[in-house]
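*Asks:* Right, I'll just put the structure down here and ask away after.
The values are calculated or read from the model by the stated rules, or taken from the named source; none is laboratory data. This structure is a prediction, so every number in the text was calculated from the model and none was measured. Backbone-built Cβ (ideal geometry, glycine too); neighbour counts: all protein chains shown.
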Amino acid sequence: MPIQERDASPATIKVLRPKLPTSAELLPYLERIDSARTYSNYGPLNGEFARRLGDLVGGSHTTLTSNGTTAIELALRLRCEQGGHCLMPAFTFIASAHAVCNAGLTPYLLEANPDTLALTPEIATAALKSVPGPVAAVLVVSAFGAPPDFVAWADFEARHGIPVVFDAAAALTSLSGIGQQPVCVSLHATKTLGIGEGGAIFCADQALMERATAMTGFGFAGQERLSSLRAGNYRISEYAAAVGLAALDGLPARLQEMRDLTAAYASRLEGKAVQLQRGVGTDWVTMTLNVMVPAADLAATLARLDDAKVEWRRWWGLGCHRHPAFKDVPRSDLSATDALAPRVIGLPFHADLSAGDLDRVTGCLQ
Ligand SMILES: *Cc1c(COP(=O)(O)O)cnc(C)c1O
């Protein structure tokens, strides 16, 4: 291809461009570590970061973890002393299924509601009859950052005596009304509040959360260096907490950026057949934007995006049952997930997108 032609073709529009605090924003926190000379083990920056995160979600007890996957694993271990099946949606990021298995449970994959993309108490209740063996827990997944229905699931737990845990990995800034059921979030670099690698568990049950925190550090409770419960090392260092504190300082501006970008997309998508998630932009925002593309137009839409050099991604792939590592796990009929998952397409979403870029992306959608 002649050089001129190559220069004239537009640059690829990236689907995601993570942005964590700059070195200048980190410096005041790093200097605090220099003076305190505490580098991990629930140091002062860990304490402050946990408090500020808890305040962000309405004053919850908070345990920091090494990542979102270990947050889910620990929460499940806390709530299920015995093994058994864990009901969970097939349509989720594969981390959910890994966490369930690492907690000693067997995933039992279920459909999601096609409108909300989430598991519902009704779907879980109907499945109770067909699960071959005891049901130890339900892992409810927030659909790409949408707020889970905490009240309905607390009611499910009370009614059936089955513990509920929330994988709300991408929902940090959409959470309110957290109850007795642990809520797990991810602080991965690609998430709303990225610190590189990190996670957190929130819960109103103080005793449970004291055990959760002890489980992140060898099961030591208090000062005794005596391991009181089976645990591991799931802590974050003071350096990670420093990134977290600087990221929290920048969160209001980041939220405004995500609201503006979601609104810019919503106005361009008005009258088109593609659908945004319910409530996105009005009730909540997150760090990705997904559209549901009508099945009849899917192949053509993806071809138009590729031709326009617009990156897109199926953030959750085609469902956990489509991954070789989980192809044999028990499941209900998943024909609705098989129809839904291919149509859920993540669009470019980051602060570097111009109005022209957004026009180019949405021009590919019908
Ligand atoms: C990101 C994510 C996770 C995993 O979080 P990590 O911090 O990357 O371990 C789990 N579940 C869902 C739904 C996610 O989006």
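*Asks:* Looking only at residues in the stretch 240-280 that are touching a residue at least 12 places away in the same chain (Cβ under 8 Å) and assigned to a loop (DSSP other than H, G, I, E, B), which one is nearest to the chain's Cα centre (by Cα)?
*Replies:* GLN277
*Asks:* When you look at THR288, is it in contact with a strand residue (DSSP E or B) (Cβ under 7 Å, 6 or more places away or on another chain), hydroxyl-bearing (Ser, Thr, Tyr) and not assigned by TED's automatic domain parsing to the domain that holds THR106, yes or no? If you could, list the steps in order and put the result at the bottom.
*Replies:* Working: in contact with a strand residue (DSSP E or B) (Cβ under 7 Å, 6 or more places away or on another chain): yes; hydroxyl-bearing (Ser, Thr, Tyr): yes; not assigned by TED's automatic domain parsing to the domain that holds THR106: yes.
Yes.
*Asks:* Specify which of the listed residues (GLY281, GLY194, GLY217, GLY179) is touching a Ser or Thr at 6+ places or on another chain (Cβ under 7 Å), crowded, with 16+ Cβ neighbours inside 10 Å and either at pLDDT below 95 or not aliphatic (A, V, I, L, M) (or both).
*Replies:* It is GLY281.
*Asks:* Look through the stretch 145-155, keep the residues that are in a loop (DSSP other than H, G, I, E, B) and surrounded by fewer than 24 Cβ atoms within 10 Å (Cβ to Cβ), and return whichever of them is farthest from the ligand (Cβ to nearest atom).
*Replies:* ASP149
*Asks:* Additional query: Are any residues in the stretch 301-315 out of contact with any Lys or Arg (no Cβ under 8 Å at 6 or more places or on another chain) and surrounded by 12 or more Cβ atoms within 10 Å (Cβ to Cβ), and if so, which ones?
*Replies:* Listed by number, the residues that qualify are THR301, LEU302, ARG304, LEU305, ASP306, LYS309, TRP312, ARG313, ARG314, TRP315.
*Asks:* For ILE13, all conditions in the list (1) within 16 Å of the ligand (Cβ to nearest atom); (2) aliphatic (A, V, I, L, M); (3) outside the structural domain of ALA240 (by TED's automatic domain parsing); (4) surrounded by 22 or more Cβ atoms within 10 Å (Cβ to Cβ) hold save one; what is the number of the exception?
*Replies:* ILE13 satisfies every listed condition except (1).
*Asks:* With respect to THR92, determine if the residue is in a loop (DSSP other than H, G, I, E, B) and surrounded by fewer than 22 Cβ atoms within 10 Å (Cβ to Cβ).
*Replies:* no
*Asks:* In the stretch 39-69, which residues are within 16 Å of the ligand (Cβ to nearest atom) and more than 15 Å from ALA168 (Cβ to Cβ)?
*Replies:* PHE49, LEU64, SER66 - these are the residues of the stretch 39-69 that are within 16 Å of the ligand (Cβ to nearest atom) and more than 15 Å from ALA168 (Cβ to Cβ).
*Asks:* Considering SER96, SER142, which residue is of a type in the set (Ser, Thr, Tyr), closer than 23 Å to ASP155 by Cα, within 16 Å of the ligand (Cβ to nearest atom) and in contact with a Pro (Cβ under 6 Å, 6 or more places away or on another chain)?
*Replies:* One residue alone meets the criteria, SER142.
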